[in-house]
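So the structure is just underneath, and the comments pick up after that.
Laboratory data are not the source of any read-out in this text; all were calculated from the coordinates shown. Keep in mind the model is a prediction, meaning the values are calculated, not measured. Positions of Cβ are generated from backbone atoms using ideal geometry, with glycine treated the same way; all protein chains shown enter the neighbour counts.
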Amino acid sequence: MSTVGAPARTPLADGFCFGEGPRWFEGLLWVSDMLGEAVHTITYDGSVTTLDLPGHAPAGLGFRPDGTLLIASTERRVVLRYDGDAVTEIADLSGTAPAGLGDMVVDAAGRAYIGSQARAGGIIFRLDLDGAVTVVARDLDFPNGMAITPDGATLIVAESIGRRLTAYDIDAAGGLSGRRVFADGLDGPPDGIALDDAGGVWTAMTLAHQFERVVAGGEVTDRIDIGDRAAIACMLGGPDRRTLFLVSTSDAYPQRLIGTRTSWVETVRVESPGAGFPSIER
């Protein structure tokens, strides 16, 4: 196992309230600011542009094949669409979701998988292109970060309370089955995740103050220690897909961070490039 130490981390952008759900798309890092009611885009050199979302606490982000951005609005339990011009609501999950919405991943067909973060009894929705909503997984212990393998056949989800990564088979219609443990007994509650092309899952271990690369079975191959900060989410991107974007905050509990600006994004260079979905580029 290797450990990537603090000297390898490079600051990219800061001043956010609670960064979440990073996605690399068309040469930009997109990050939700959940408590700041905004989605930010960050260039590779750290320039920031902001899409304000008053009244919404954005979390999961995902891009459909046509470039449309989908945004999970946590507390309102709705899904928003941003077409580059206007933001509109396209799905209301409040009547079914047992808790606030969290992370999201969009597959090659444009279907969005969205978690509802109940500590027990969490579910995953599938939102289809025609607006149909289906519950495709139940009984998860706080579903959080999600990713889909490059062949589109497997969805991996972080169960934060369960301290495990769970895998499902994806069928041709987008259904999930064959639930199994990908990695269990993790060092901390996993939050956001990102896949690489060697089969590793970079995982934000929130209360362990680390980002870890985990392989099937649970072996940790790499660790990035971030001191006393909470690891929230990560994403692989950049021109060669070997930049790991690290989103962290000064506290793991959003309620304590209202009104602060202590969330930031750093980068680390890694060996294996990103793979799978969320897609790196359109």
Checklist outcome for this item: Across Ala97, Ala13, Ala86, the residue with the highest GNM fluctuation in the chain (Cα network, 10 Å cutoff) is Ala86
Item to check | Net length gained if the chain between Leu28 and Glu219 were fully extended (0.36 nm per residue, minus Cα distance) | outcome: 65.6 nm
Checklist entry - Rounded to the nearest 0.05, what FRET efficiency do Ala173 and Ser250 have when you use their Cβ-Cβ distance and R0 = 45 Å? => result 0.55
Item to check | Projected area, mean over directions - the range 118-200, Cα convex hull, nm² | outcome: 5.6
Next on the checklist: Can you give the log10 of the normalised intensity I(q)/I(0) at q = 0.13 Å⁻¹, computed with Debye over equal Cα scatterers of the range 141-282?
Outcome noted: -0.53
Item to check | Selection from Ala275, Ala233, Leu186 lying farthest towards where the dipole of the range 186-282 points positive, charges on Cβ | outcome: Ala233
Checklist entry - Which residue, Arg126, Arg213, Arg180, tops the fluctuation ranking in a GNM of the chain built on C-alpha contacts under 10 Å? => result Arg180
Next on the checklist: Please report, in whole Å³, the volume per residue of the convex hull around the C-alpha atoms of the chain.
Outcome noted: 111
Item to check | Whole-number D in µm²/s for the range 241-282 (Stokes-Einstein; Kirkwood sum over Cα pairs; 25 °C, 0.890 mPa s) | outcome: 196
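Could you calculate the contour length gain from Asp240 to Thr49, that is, 0.36 nm times the residue separation minus the distance between their Cα atoms, to one decimal place in nm?
So the chain would gain 66.5 nm between Asp240 and Thr49.
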Checklist entry - Taking the chain as a Gaussian network, Cα atoms linked when under 10 Å apart, which of Gly100, Gly259, Gly122 shows the biggest mean-square fluctuation? => result Gly259
Item to check | Centre separation in Å (Cα based) which lies between the range 15-66 and the range 181-200 | outcome: 23
Next on the checklist: Using 0.36 nm times the number of residues separating Arg261 and Glu37, minus their current alpha carbon distance, what extension gain do you get?
Outcome noted: 79.4 nm
Item to check | For the range 76-214: relative contact order, % (alpha-carbon pairs under 8 angstrom, 6 or more apart) | outcome: 13
Checklist entry - Taking only C-alpha pairs under 8 Å that are 6+ residues apart, what is the relative contact order of the chain in percent? => result 19
